[in-house]
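So the structure is just underneath, and the comments pick up after that.
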């Protein structure tokens with residue numbers, strides 16, 4: 001009888017290869033490609049290979065087919081010399097405005113079903129999300145996080161809020177927004193319009209604060225009125241004033257009320273909780289960021305960083321668009337507890353088979369699982 | 001060819017705004033060469049340009065523009081050239097600030113049509129609002145607004161503005177203030193882009209440049225000495241709360257984000273610690289890798305790459321990055337440090 005073969009991390013490279021082999025030039029959707037820096041990490045060697053550039057899409061595609069990288073990134077920045085080793089010698093010419101929505105930064109109920117932590121101090125471990133070890137209080141925590149459909153829906157709702165803000169407030173149109181799955185726990189929203197490329201870091205910080213509702217000062221936004229306070233610009237206004245006014249209408253039935261400061265504070269906090277978007281500020285403020293290449297595979301999930309239109313997100317066709325590998329049930333064996341819920345699947349502790357794409361995700365992201373093929 | 005600018009700007013306006021392309025075009029047609037500046041009739045221009053550079057060196061207000069349009073426009077162009085040859089970014093910045101301030105006062109006094117015209121020349125997209133909203137009669141493109149925002153707090157802060165479909169409502173004074181910021185950058189870019197490799201300087205101009213350059217050198221030395229006086233050796237008790245928090249997190253073995261590591265390393269280097277000192281602070285981090293850490297700290301210290309020394313993030317950016325932990329009423333973590341030290345040394349004197 002033939003011995004069962006096991007899928008290993010290095011044989012996963014072959015799977016990635018089969019994906020990149022069928023990729024076409026049309027799948028590489030990077031504008032001004034020759035001005036971008038590319039970076040790769042591979043299955044068979046550690047570290048990140050940076051400062052690489054390609055004259056044309058075809059050459060990048062050849063490289064992807066030949067090397068089947070584990071991760072592929074490109075710069076949000078445009079450079080005169082994208083392959084220069086020294087960042088200051090690259091000749092920065094501008095950068096896309098990019099927003100990153102990642103459920104790592106958002107509290108969700110599903111985390112207790114799939115996220116794991118381990119305290120580096122006392123070795124206690126558990127499920128869910130903790131900031132400090134409940135046993136010893138240590139704050140050196142190691143985490144292994146997973147994504148499920150609930151997470152994706154939460155991230156998707158944040159995308160909708162952001163898109164609304166970008167349209168209504170920033171005046172961008174839908175065709176200027178390029179949305180992709182990040183490959184793991186969220187979405188990237190790229191804006192490439194010439195007007196945003198020249199934004200400096202301070203300007204980007206100001207936009208971040210706007211999107212997150214940071215620095216909103218109740219004293220600046222209110223004016224004294226008849227023994228109380230009202231919004232400086234009330235009903236029929238726009239921006240955050242309109243958001244706060246909307247929340248006042250929802251909570252109190254009046255869109256332009258006169259209230260005391262304490263009541264206003266509640267309205268402000270409520271409005272911010274509902275309307276502020278949970279973006280990762282580190283990504284947006286960085287004008288030299290490397291970000292995952294759309295339509296490339298994520299080395300820790302085996303999922304595709306697929307582009308999405310708002311319409312597609314609304315329809316909720318998610319897994320089908322990002323799943324690359326087959327649904328075929330394959331035999332697995334486990335050496336420990338698996339997360340109870342990942343992607344679109346609930347996993348019971350007695351499961352002995354899993355759809356291949358789920359098993360691959362578990363293996364790539366370090367779950368105690370062996371895949372027999 | 002009639003000046004297009006004359007439609008809106010009178011010819012005398014050009015001396016207030018010598019950076020406007022039409023003004024520069026006008027002097028180009030005069031066909032003046034650099035050697036002509038040494039001849040007597042044009043000496044006034046050289047003197048005026050030197051006055052502008054000296055005002056920037058001394059950090060004082062610029063004198064009002066010349067009533068002779070051509071003299072003003074030529075002096076402005078020559079000032080930029082002098083600054084390019086002196087080649088010090090800080091001096092250039094000081095001139096840009098002083099010049100923009102003078103111009104800002106003129107802009108605020110213009111009627112709406114003129115103001116919009118001038119701002120347009122600075123690539124600041126601004127429209128007269130179709131209807132006045134809460135007293136605001138203009139609107140500025142949102143990206144131009146944030147790129148030129150004078151300060152990221154109070155009524156300027158974008159969250160506090162009337163923002164609608166890509167436009168931010170402003171009044172005339174705010175528009176002029178945004179123009180001031182745009183002009184600063186315009187001047188710095190103009191100087192950056194100048195090519196001087198092929199320019200032949202007559203001796204007289206060259207000795208002027210040398211003189212100004214050494215004046216600036218002396219001034220810079222005294223500025224630096226004044227700074228160094230306040231910072232003799234680093235003093236951990238004077239660290240701002242944000243930096244102290246990062247240090248205690250690192251010491252506790254917590255995983256601190258890259259942005260916090262950068263803030264800490266650049267801060268410690270700025271207050272006089274050397275690379276080894278900084279590395280020893282980081283050595284308690286759970287994922288400390290000496291090789292990588294050394295490379296990064298040396299880079300921040302300006303010992304690698306372009307030699308550019310990095311400063312810590314200012315408070316606004318610390319806050320956005322989630323690293324700000326207190327309301328210290330300063331704009332920059334280093335400012336907190338120096339002010340605390342200075343306060344302490346004054347106390348000791350007493």
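Every read-out reported here was derived from the displayed coordinates using simple, explicitly stated rules and does not represent laboratory data. For clarity, every value in this text was computed on a predicted model and none was experimentally measured. All Cβ positions, glycine included, derive from the backbone under ideal geometry; neighbour counts span all protein chains shown.
Numbers below:
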quantity: Chain B, relative contact order [Cα under 8 Å, separation at least 6], %; calculated: 13
quantity: Choice from B:74, B:311, B:91 with maximal GNM fluctuation in chain B (Cα, 10 Å cutoff); calculated: B:311
quantity: Ranked A:139, A:55, criterion: other C-beta atoms within 10 Å, fewest first; calculated: A:55, A:139
quantity: Debye log10 I(q)/I(0) for chain A, one point scatterer per Cα, at q = 0.08, 0.09, 0.11, 0.15 Å⁻¹; calculated: -0.50, -0.62, -0.89, -1.37
quantity: Chain B: angle of helix B:241-251 to the longest principal axis, Cα-based, in degrees nearest 10; calculated: 40
quantity: Angle between chain B longest axis and helix B:203-230 axis [Cα atoms, degrees, rounded to 10]; calculated: 30
quantity: Efficiency of FRET between residue B:165 and residue B:221 - r from beta-carbon atoms, R0 45 angstrom, step 0.05; calculated: 0.30
quantity: Euclidean distance of C-alpha centroids, region A:173-198 and region A:85-153, integer Å; calculated: 22
quantity: Residue-averaged 222 nm ellipticity for chain B, from DSSP H runs of 4+ at -39500 (n - 2.57), nearest 500; calculated: -18000 deg cm²/dmol
quantity: Region A:27-55-region A:283-340 distance, computed between alpha-carbon centres (Å); calculated: 19
quantity: Per-pair calculated FRET efficiency, R0 = 25 Å: residue A:17 and residue A:320 via Cβ, rounded to 0.05; calculated: 0.65
quantity: Helix axis angle, A:9-22 relative to chain A longest principal axis, alpha carbon, degrees; calculated: 70
quantity: Proxy reagent accessibility, fewest Cβ within 10 Å first, across A:174, B:334; calculated: A:174, B:334
quantity: Estimated [θ] at 222 nm from DSSP helical runs (n ≥ 4, -39500 (n - 2.57)) normalised by residues in chain A, nearest 500; calculated: -9500 deg cm²/dmol
quantity: Within 10 Å of each Cβ in B:98-108, the average number of Cβ atoms from other chains; calculated: 0
quantity: Cα→Cβ-extended label distance, 7 Å offset, between residue A:329 and residue B:194, nm; calculated: 7.8
quantity: Virtual spin-label span in nm between residue A:160 and residue A:66, 7 Å along Cα→Cβ; calculated: 4.6
quantity: Added length on full extension, which subtracts the Cα-Cα distance from 0.36 nm per residue, residue A:300 to residue A:29; calculated: 95.4 nm
quantity: Candidates A:226, A:35, A:341, ranked by Gaussian network fluctuation over chain A, Cα under 10 Å, top entry; calculated: A:226
quantity: Residue exposure sequence - B:203, B:277 - by fewest surrounding Cβ within 10 Å; calculated: B:203, B:277
quantity: Kirkwood-Stokes translational diffusion coefficient of the protein assembly as shown, alpha-carbon pairs, 20 °C, 1.002 mPa s, µm²/s; calculated: 73
